[in-house]
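Here's the structure we're looking at; comments come further down.
The values are calculated or read from the model by the stated rules, or taken from the named source; none is laboratory data. Because the structure is a prediction, the values reported are computed rather than measured. All Cβ positions, even for glycine, are placed from backbone atoms using ideal geometry, and neighbour counts span all protein chains on display. These area figures cover heavy atoms from the full protein model, side chains too; ligands, DNA and RNA do not enter into them. Shrake-Rupley method; radii C 1.70, N 1.55, O 1.52, S 1.80 Å.
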Amino acid sequence: MNNYRITKLINNNVVFSQDEEQNEIILFGKAIGFGKKSGDLVEAAQVLKVFAAADPKEKNYLSNLVEDINPIYIDIASEIISLFESRLEVKVNDMMMISLSDHISNAVANKKDGFELPLDIIQEVKNIYPKEFMIAKAGLGIIERETEVLLSEDEAGYIVLHYISSQGNTFRSDTKYRLLFQERIISDIEDYLNVKLDRSSLYYTRFLTHLSFLAARIHDGNFSAEGNSSLYKIFIKEHPELEGCVEKNVQTIADEFHVVINEEEKGYLAVHINNMLKSIQRGDKQ
């Protein structure tokens, strides 16, 4: 297509349009919506990324998500993705731009509030994905340049995890074991909280990635029961309703996978569960 007609304006950098088959699509591009309104045209050469929503629920979810993201983080994520694509000579899944934009936005906001989420598997990420980690560290420089916020190396690790997830990869481990582990934890959460988690949610995808890495470390004997962090105590104090659910997960892992989960890992579980619940609440409002 030479041009796209705007069907809905989200912000200066994001608009809705339709493809040649009249399917709803989301267009990303620097200033493609600036000074425009519904019905106006956007030149294809201005469009950086095109997302095709598979169903109305996904379209609403993506629309709400991109409306909440400051355009600067979309630009940052796009520049970081370009580094991965050029230096590794790969094509990155388009969805990474949305998930990474959202993650960077939250990471910067957390850092400004004096809070950073450590990555418990940072050393494994460095060892197994050294090239990707160096690219992600360059990405931290882009974030600092655009936001004047310096994030820790842990955030470089998270950027690598986003890249790995976008490529459909996980740590090398027994697939059957990993899937069983994920199934048990997800089942615990849904049963205990009496909810149905949104499988199309980016937060759900992030949680599966986290569980994949955790299962791989347990399966390969690389998980340590030692690990103290104030994250869990602080988070549960703010969200006491999640404590029982996390403890149920911990008990299942102890009973079925014979591993004692430390306070640090409990903190990660609590944060991920909370994010997935917020995603459901957002969906209920759509």
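Structure values in brief
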| item | result |
| --- | --- |
| Neighbour net charge for Ile6 - beta-carbon separation under 10 angstrom, K R +1, D E -1 | +3 |
| Residue-span extension gain [Arg145 to Gln123] - 0.36 nm each, minus C-alpha spacing | 5.4 nm |
| Cβ-based net charge around Ile76, under 11 Å, with every Lys or Arg adding one and every Asp or Glu removing one | -3 |
| Distance from the range 212-261 to the range 71-99 (C-alpha centre basis), Å | 32 Å |
| Leu41, Leu83, ranked by accessible area, largest first (probe 1.4 Å) | Leu41, Leu83 |
| Flagged links, alpha-carbon separation over 18 Å, of Lys196/Lys266; Lys8/Lys36; Lys237/Lys266 | Lys196/Lys266 |
| Full-extension gain in nm, Glu256 to Asn110, via 0.36 nm per residue minus C-alpha separation | 49.1 nm |
| Dimensions in Å of the chain - Rg and Dmax from alpha carbons | 19.8, 60 |
| Linear extension gain, Glu153 paired with Asn93, 0.36 nm per residue minus alpha-carbon span | 19.2 nm |
| Packing-based order for 186-199, 10-23, 133-146, using average beta carbon neighbours within 10 Å, highest first | 133-146, 10-23, 186-199 |
| Accessible area in square angstrom per residue, the chain, 1.4 angstrom probe | 49 Å² |
| Mean ellipticity per residue at 222 nm, deg cm²/dmol - from DSSP H runs of n ≥ 4 across the chain, formula -39500 (n - 2.57) | -19500 deg cm²/dmol |
| Relative contact order of the range 75-172, defined on C-alpha pairs under 8 angstrom at six or more residues apart (%) | 35 percent |
| GNM result for the chain, Cα springs below 10 Å: residue of Ala270, Ala156, Ala254 fluctuating most strongly | Ala254 |
| Carbon and sulfur %, accessible surface of the chain computed with the full protein complex present, 1.4 Å | 47 percent |
